[in-house]
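Peer 1: The following block contains the structure, expressed as structure tokens.
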Amino acid sequence: MKAVRIAQWGAPPRIEERPDPVPAPGRSLVRMQAATVGHIDRTVWRGGFLRPPPLPYTPGVEGAGIVIHSERFAPGQRVWLRGSGLGTQFDGTWCEIADAPDAALGELPEGLDMALGSAFFSPCTSAWVALHEVARVREGERVMVTGASGAVGSLAVQLALEIGAKVCAVVADASVDHGLPSGVDIVEWRPGVEAPSQEAEVLIDTVGGDVLATLLGRVLPGGRAVLIGYTAGETLSLSLPAFMQRDVSLLPLNMFRREAQGRAAVPRLLERLADGRLRLAVQRFAFDEAARALAWIAQRGHRGRAVLVAD
Ligand SMILES: NC(=O)c1ccc[n+]([C@@H]2O[C@H](COP(=O)([O-])OP(=O)(O)OC[C@H]3O[C@@H](n4cnc5c(N)ncnc54)[C@H](OP(=O)(O)O)[C@@H]3O)[C@@H](O)[C@H]2O)c1
């Protein structure tokens, strides 16, 4: 079979011929139809992951395909794959046949696009867990979402609206159509200029750095702020007296620790994606375009998730 291989950290991905994996207890063989190229894959590829897989390795934390052999699923079953060490501790999904722990697989509904089935898990479950389990957003609360043009941010906007929250979506450029639903207050704002006038009980922050430092000041006293990502900066400088006076709970989201909560939400999320209540943009690349996909997700202004699709 063909697989994308990484020989050194940060080296260009190359397609190589590899032996077909053989059936083993507790593992499933899946013919891959789609494999996501996400920020976590980029971190592992660059050598920045805490416990990386041994080199050379095949990346890919997420994907979707058709079961060839499994003790848990019938051959032909459409499945999504995610986690359990895939693409982090051992070879992942960027290949023709993935050899995955049974626990990494879940059933994909008939009719759901394979690329979407590959891309949904991280943004949908992260947004769901941030809102429902970490911030515990209630109907009528005001929720401010940063990075609302991104995959996690746009899902957080959609799911907060579903709860009945009043949603303020913070974007860098409001003149672009970000595909956000109607009923959302879209606010253009960048660090360095005066903070937006809007206030909220809950901040869902997907960018960190100065964005978080400033917008914490727009969370009402007693409110909650959930930190999901830190592309805008890895450190936070705060006035502690001001922070204490506002009494805002700053809550980090760690989806590796909360994977079980994410998995529990999957059937509800897939149902909403299948009937169009939830939308997630997907950009398709050929399997030999992994390098281009890795560069694309690092660019500001890209929309949706990158997915390698089989011919
Ligand atoms: N904590 C967890 O367990 C967890 C789980 C999933 C994801 N994440 C992290 O969450 C983050 C978002 O993921 P995603 O899939 O939504 O990424 P994405 O689709 O690439 O979106 C990134 C968003 O951040 C914005 N952004 C990037 N750099 C920025 C900056 N310097 N200042 C202001 N905004 C900036 C982008 O705005 P533009 O559109 O203007 O470029 C975009 O809205 C990533 O860092 C990811 O690693 C964490």
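The values are calculated or read from the model by the stated rules, or taken from the named source; none is laboratory data. Owing to the predicted nature of the structure, the values given are computational and were not obtained by experimental measurement. Virtual Cβ from ideal backbone geometry, glycine too; neighbours counted across all protein chains shown. Areas reflect the complete protein model, heavy atoms only, side chains present, ligands, DNA and RNA absent. Shrake-Rupley method; radii C 1.70, N 1.55, O 1.52, S 1.80 Å.
Peer 1: Can you say whether Arg218 is of a type in the set (Lys, Arg), outside the structural domain of Ala104 (by TED's automatic domain parsing) and modelled with pLDDT of 95 or more, as far as the supplied structure shows?
Peer 2: Criteria met by Arg218.
Peer 1: Are any residues in region 196-208 within 15 Å of the ligand (Cβ to nearest atom), open to solvent by 10 Å² or more (accessible area, probe 1.4 Å) and closer than 13 Å to Arg246 by Cβ, and if so, which ones?
Peer 2: Selection gives nothing.
Peer 1: Now for a separate question. If you check Glu201, Glu139, which single one turns out to be among the acidic types (Asp, Glu) and over 21 Å from Thr125 (Cα atoms)?
Peer 2: Glu201
Peer 1: For region 273-294, what are the residues that are over 28 Å from Asp311 (Cβ atoms), free of Cβ contacts under 8 Å to residues at least 60 places away in the same chain and either open to solvent by less than 50 Å² (accessible area, probe 1.4 Å) or within 16 Å of the ligand (Cβ to nearest atom) (or both)?
Peer 2: Scanning region 273-294 gives no hits.
Peer 1: If I ask for residues that are under 19 Å from the mean Cα position of the chain (by Cα) and either at pLDDT below 95 or assigned to a loop (DSSP other than H, G, I, E, B) (or both), which ones from region 19-38 would you list?
Peer 2: Of everything in region 19-38, just one residue is under 19 Å from the mean Cα position of the chain (by Cα) and either at pLDDT below 95 or assigned to a loop (DSSP other than H, G, I, E, B) (or both), namely Gly38.
Yes/no per residue for (1) in the same structural domain as Tyr230 (by TED's automatic domain parsing); (2) surrounded by 19 or more Cβ atoms within 10 Å (Cβ to Cβ); (3) in a loop (DSSP other than H, G, I, E, B):
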position	(1), (2), (3)
Ile15	no, no, no
Pro59	no, yes, yes
Gly65	no, yes, no
Arg72	no, no, yes
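Peer 1: Further question on the same structure: Leu280 - would you say it is in a loop (DSSP other than H, G, I, E, B), out of contact with any Gly (no Cβ under 6 Å at 6 or more places or on another chain) and closer than 13 Å to Ala115 by Cα?
Peer 2: yes
Peer 1: What residue, of Leu294, Leu270, Leu238, is among the aliphatic types (A, V, I, L, M), over 21 Å from Leu155 (Cα atoms) and outside the structural domain of Arg31 (by TED's automatic domain parsing)?
Peer 2: None of the other options fit; the residue is Leu238.
Peer 1: Okay, next question. Quick check on this structure: which one of Ser122, Ser154 is touching a strand residue (DSSP E or B) at 6+ places or on another chain (Cβ under 9 Å), within 16 Å of the ligand (Cβ to nearest atom), under 30 Å from Ala74 (Cα atoms) and in a helix (DSSP H, G or I)?
Peer 2: From the options Ser122, Ser154, the qualifying one is Ser122.
Peer 1: Open to solvent by 60 Å² or more (accessible area, probe 1.4 Å), more than 10 Å from the ligand (Cβ to nearest atom) and part of a strand (DSSP E or B): which single residue out of Pro221, Pro267 fits that description?
Peer 2: The unique qualifying residue is Pro221.
Peer 1: Could you please find all residues in region 164-181 being surrounded by 16 or more Cβ atoms within 10 Å (Cβ to Cβ) and aliphatic (A, V, I, L, M)?
Peer 2: Correct list: Ala165, Val167, Ala169, Val170, Val171, Ala172, Leu180.
Peer 1: Restricting to region 297-309, what's the tally of residues that are exposed (fewer than 15 other Cβ atoms within 10 Å of the Cβ) and of a type in the set (A, V, I, L, M, F, W, C)?
Peer 2: Adding up the residues that qualify gives 1.
Peer 1: Further question: Is one or more of the residues making up region 226-240 more than 14 Å from the ligand (Cβ to nearest atom), β-branched (Val, Ile, Thr) and out of contact with any Cys (no Cβ under 6 Å at 6 or more places or on another chain)?
Peer 2: no
Peer 1: Something else about it: When you go through (1) out of contact with any helix residue (DSSP H, G or I) (no Cβ under 8 Å at 6 or more places or on another chain); (2) without any contact (Cβ under 8 Å) to a residue 60 or more places away in the chain; (3) hydrophobic (A, V, I, L, M, F, W, C); (4) within 11 Å of the ligand (Cβ to nearest atom) one by one for Val211, which number turns out not to apply?
Peer 2: (2)
Peer 1: Quick check, is Ile163 within 14 Å of the ligand (Cβ to nearest atom) and β-branched (Val, Ile, Thr)?
Peer 2: Taking the combined requirement at face value, the residue does not satisfy it.
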